[in-house]
Amino acid sequence: MTPHHKPERTTVLLIHGGLWEDSMDADRFWAAPGISGGLERKGLTVLAPNRLRRPSSWDAEVEHLAPDLPGPPVSVVAGSNGCSVAVRLALAFPDRIERLLLAWPATAGDPAVDSRTHIRLTGLGASDQIIRALLAGHTLRGVTDTELATLKMPISVIPSVPENPFHQRQTVDALRRLLPDSDELPGCPEPPHPDFRPHGDQLLDSVAKAISR
């Protein structure tokens, strides 16, 4: 009698937001709001490593997370500034990432936002060289639009609703133009914002559906 084999669980790699924020980690961004546990209850295998606390560059973040990529291709869900890490990871390992979900992408190139971020990073001890490296980019920090346009895997974008200075609607629109085959999932506030909670089930449903396509 041929034994029945359970189908392998799909693996999703969660990349949390934040930029040089010691209080931000995978637990606060994904676990506390119920996202990682909710995805596991939907039958997904969830990997949620912590990013570098104070990286000198986006490539340093890629080097830090690369060992967490499993052998088989994985779906990546990234939030806020984690979207920059996810895209750089996809550019470095295109055969290891089968789908990207860019949630609440952090807005790049806004003078007011960059000025506030520059002041904060300076206060934390970041050098001008490091700050320039972290803030540089086009639609997303750390990535040129030319690089973004080379991505071939399926991509979904989740806007921050309502938008705010750090997660502007124009960033989502620019990503959709650069990635014409991408789709947009229902928006919501980004975690760990307190207004996120009522939107948790909708986010889990839309992310699980996108990953299972």
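The values are calculated or read from the model by the stated rules, or taken from the named source; none is laboratory data. What you see is a predicted model, and the numbers here were worked out from it, not measured in a lab. Methodologically, a virtual Cβ is constructed for each residue, glycine included, from the backbone with ideal geometry; neighbour enumeration extends over all protein chains shown.
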### Query
Take the residues of segment 94-119 that are more than 18 Å from Ser182 (Cβ to Cβ) and touching a helix residue (DSSP H, G or I) at 6+ places or on another chain (Cβ under 7 Å): which is surrounded by the most Cβ atoms within 10 Å (Cβ to Cβ)?
Thr117
### Query
Does segment 137-158 include one or more residues that are more than 18 Å from Arg88 (Cα to Cα), modelled with pLDDT of 95 or more and not in a helix (DSSP H, G or I)?
yes
## Note on the structure
The lone condition Ser206 fails out of (1) free of Cβ contacts under 8 Å to residues at least 60 places away in the same chain; (2) more than 28 Å from Gly34 (Cβ to Cβ) is (2)
### Message
Go through (1) outside any loop (DSSP other than H, G, I, E, B); (2) within 24 Å of Thr139 (Cα to Cα); (3) touching a residue at least 60 places away in the same chain (Cβ under 8 Å) for Pro191 and report which single condition fails.
### Response
(1)
#### Entry: Meets criteria (closer than 21 Å to Ser75 by Cβ and surrounded by 14 or more Cβ atoms within 10 Å (Cβ to Cβ)) for Ile155
yes
### Query
Among the candidates Asp128, Asp181, Asp173, which residue alone is acidic (Asp, Glu) and touching a residue at least 24 places away in the same chain (Cβ under 8 Å)?
Asp181
### Residue check, Gly187 surrounded by 15 or more Cβ atoms within 10 Å (Cβ to Cβ) and touching a His at 6+ places or on another chain (Cβ under 9 Å)
yes
### Message
Being out of contact with any Lys or Arg (no Cβ under 6 Å at 6 or more places or on another chain), surrounded by 13 or more Cβ atoms within 10 Å (Cβ to Cβ) and part of a loop (DSSP other than H, G, I, E, B) is the filter here; which residues of segment 161-181 pass it?
### Response
Val161, Phe166, Gln168, Leu179
### Query
Can we say Leu203 is of a type outside the set (D, E, K, R) and closer than 14 Å to Trp104 by Cα?
yes
### Query
Which helices (runs of 4 or more DSSP H) sit wholly inside segment 25-118 and have at least 3 residues that are within 25 Å of Thr146 (Cα to Cα)?
58-65, 82-92
